[in-house]
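Working notes, structure below.
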Amino acid sequence: MADISLQRKNMVESQVRPSDVTDRRITAAMQEIARESFVPANTGTLAYMDEALPLGGGRAMMAPRTLARLLQLANVEASDTVLVVGAPTGYSAAVLAGMAARVVALESDA
């Protein structure tokens, strides 16, 4: 079985950083947060792939590179309150929690 912490580091170094993501809060959060804890149990080994991860019901978890770029473009300030609409796994809210003063995540699926 592959070393999960090494997979997380490789995700940041080979997917996120080369995509011009320079906000260290994003790279630090993605390096620290166990993405595999936010995906369905049967897909944990796929958590760090460079593709959207299907969640069922026509929904997917964004690829790490895509999420990182969107978060950087959002230009979140440390004093901001952020609203995440459609947070099926909570991963994006967890990453944002290290960037903003407050994060509110809404999800329609239980």
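The values are calculated or read from the model by the stated rules, or taken from the named source; none is laboratory data. No experiment lies behind these values; they were computed from the predicted model shown. Every residue, glycine among them, receives a Cβ derived from its backbone with ideal geometry; neighbour counts consider all protein chains shown. In case anyone asks, the SASA skips ligands and DNA or RNA and just uses the protein heavy atoms, side chains included. Shrake-Rupley method; radii C 1.70, N 1.55, O 1.52, S 1.80 Å.
A few comments on the model shown:
- Among beta bridges that DSSP assigns inside the chain, antiparallel share in %, nearest 5: 40
- Solvent exposure of the chain, expressed per residue, is 58 Å² of accessible area, with all protein chains present and a 1.4 angstrom probe.
- Comparing mean-square fluctuations of A52, A60, A74 from a GNM of the chain with C-alpha springs under 10 Å, the top value falls on A74.
- Distant-in-sequence amide contacts of A60, defined by a placed amide H-H separation under 5 Å and a gap of 5 or more residues or a different chain, comprise L55.
- Within region 19-72, the ratio Rg/Rh, alpha carbon atoms throughout and Rh by Kirkwood, equals 0.98.
- When the solvent-accessible area of the chain is split by element, carbon and sulfur atoms take up 53 percent of it, the probe being 1.4 Å.
- Phi-derived couplings, Karplus 6.51 cos²θ - 1.76 cosθ + 1.60 at θ = phi - 60°, listed residue by residue for region 22-33: 10, 6, 5, 5, 5, 5, 5, 5, 5, 6, 8, 7 Hz, with x used for Gly and Pro.
- Taken one residue at a time, the phi angles of region 42-50 give Karplus couplings (6.51, -1.76, 1.60, θ = phi - 60°) of 6, 10, x, 6, 9, 4, 9, 6, 8 Hz. Gly and Pro are set to x.
- The percentage of C-alpha pairs in the chain whose separation is greater than 19 Å is 41%.
- A Förster radius of 22 Å combined with the Cβ-Cβ distance from R24 to A60 puts the calculated FRET efficiency at roughly 0.25.
- Amide hydrogen proximity for V82: with H placed 1.01 Å from N in the peptide plane, the residues at 5 or more positions away or on another chain lying under 5 Å are R102, V103, V104.
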